[in-house]
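Please treat every number below as a calculation from the coordinates, not as lab data. Keep in mind the model is a prediction, meaning the values are calculated, not measured. Neighbour counts are summed over all protein chains in view; Cβ atoms, including those assigned to glycine, are modelled from backbone coordinates with ideal geometry.
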Amino acid sequence: MAKTNKPAPTTEEVDRDFRAQVAQMTSGLAPTAFSTAWADWISHLALSPSKQGELQRNAIMRAGDTWMFALRALAGTPAPPAEGLSGEADRRFAGEAWQQFPFNVLARAYQNNVALMNEAVRGVSGVSEYHTQLLEFATRMMAESASPSNVLALNPELLALTKEEQGQNLVRGFQNMVEDLGRTLKGAAPAGTEEFEVGRNVAVTPGQVVFRNELIELIQYTPTTPTVHAEPVLIVPAWIMKYYILDLSPRNSMVKYLVDQGHTVFMMSWKNPTEKDRDLGMDDYVHQGFMAALDAVSAIVPKRKVQAVGYCIGGTLLAIAAAALARDKDERLGSITMFAAQVDFSEPGELAFFINPSQLAMLEATMHKKGVLESKQMGGAFAMLRARDLLWQPIVNQYLKGQRDRMIDLMAWNADGTRMPWRMHSEYLYRLYLDNELSTNRFPVGGKLIRLSDIGVPMFVVGTEADHVAPWKSVYKVDNLVRSDDLTFLLTAGGHNAGIVAGPVHPKRHYRMRTRRLADPHLAPEDWVEAAPKSEGSWWPAWQGWLAAHSSGKTKPPAMGAPGKGYDVVDDAPGKYVRQR
């Protein structure tokens, strides 16, 4: 029998495989991106003798400050506390034990060294702004890892705890580390997540799956009121997360809240893709995802406009689909709500550190080899953006203090990640983030370009103050891109997830809200904050009131599904896609 020889790999295939191997060794970070930034900085610093002199003076000044602080600490003379980079006291060193010698000197020296590192990368003439930001990010990562608060021998609080417990905290910490390592090797969920189970105590709002295709399930929730608002609500969650962040425990379930307020709610539940789904693209997510769901809702609740809601990338997809519908003169949408969703990616915030040609080439190579982007890779990128809170503090708590953080529903949901298909995520990163095609009218749907300026329906847009994934000023850019004559922007306290899942009652939250008409002048973000009145509490009631105000009245609840139109009930909520691992 003749041998069948495989064709030799192409140059591009060899290079792609090599980049994928490098990505495994660098946790997905592109060394070329950082080395290019460093070369830009060092070459321009070499041509800046005045800046070099300034850094030398700063180094002497900060060394002197540390020595003077140490002398005053030895003498028992009160000294100003070590200041964080933001100008506020660093909470890592706020405890009483850190105010005692020699630990207060360690904290002061650390803060001075970090400040000097930041002064070195900033203000070098000729260095690109992006490279400066990338070096600041790298500097922050190094500084967070080198903090004395992370080291047992240098942390007085850890030393006191170890003495008090006679080392039992370290025994528990070692046990925690062994357990976590074992779970990681087996691909199991983090410890404590077993307390929350989909369909048992999260994602429990009653409903039925009324449509299923190869990409989504559509859940219709059971009404709890004798009459409902005439216009149904269709929620488009992000596919980088499972939908039940909007249906967590009953106390903070947005779905339950809307149903109890008399809304007919439909939820898209995305399939967790595998390697065989590698070629699903953005067009598939528009047509097999949102458009298919819209067709189903329109069949189940006929002759009613749909109030569509999109969260994160689900909001971006909603804007894309809405622009395509407007282009095609399809008027089925009655309103659009977007939570923490960007449509202009010119200023995407700290995620820009991972969005450059070098980084994307490495990420694309990894995805192409596996067919998908694993959730742990995306989670690792988010953790690096907030390394102090999401990486180092948990390490200290669990492995040095021997204390497990109490698992809550939001944390358990966060650990229940999803994958993303190669083609879709590549298109998303290259075409939206890197090339910003959507806001510049260069993004096609179905082979034809769309324009956000075609969107004219009422809009409600929510940004969160501490969002490191979709910064609120970036989210706010939609105000200048659509022609809606009724656009309400709301800015709430909290971050990308906790700020949205606030619950209907939250005394520690606040928000600002303002509506603009098409004829009103566009306000810069800072001016908008000054013009928008501040309110205390959760923003959910304000949004629900907006939805109700944009409804045409109350009516009898619709039937569950529409069997005569091909939308039979196929399962009970929460369905099977949300359970896919």
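What to note about this one:
- Prolate/oblate/rounded call for segment 183-286, Cα gyration tensor, a/c under 1.5 rounded: oblate
- Three-way shape label, the chain, alpha-carbon gyration tensor, a/c 1.5: prolate
- Cβ-based exposure ranking for Glu437, Glu275, in which fewest neighbours within 10 Å come first: Glu275, Glu437
- With contributions of -39500 (n - 2.57) from each DSSP H run of at least four residues, the per-residue ellipticity at 222 nm computed over the chain stands at -11500 deg cm²/dmol.
- Radius of gyration over Kirkwood radius for segment 26-159, both on Cα atoms: the Rg/Rh ratio is 1.03.
- Residue exposure sequence - Glu364, Glu347 - by fewest surrounding Cβ within 10 Å: Glu347, Glu364
- Spin-label pair Thr222/Lys556, simplified geometry with 7 Å Cα→Cβ offset, distance in nm: 1.9
- Gyration tensor verdict on segment 465-514 (Cα atoms; rounded if a/c is under 1.5, prolate if a/b is larger than b/c, oblate otherwise): oblate
- Of all DSSP beta bridges in the chain, antiparallel share, percent nearest 5: 55
- Shown for Met177, Met338, Met25: other C-beta atoms within 10 Å of each C-beta, ranked fewest to most, produce the order Met25, Met177, Met338.
- Each of the peptides 509-515, 141-147 was scored by the mean count of other Cβ atoms within 10 Å over its residues; in descending order, highest first, they stand as 509-515, 141-147.
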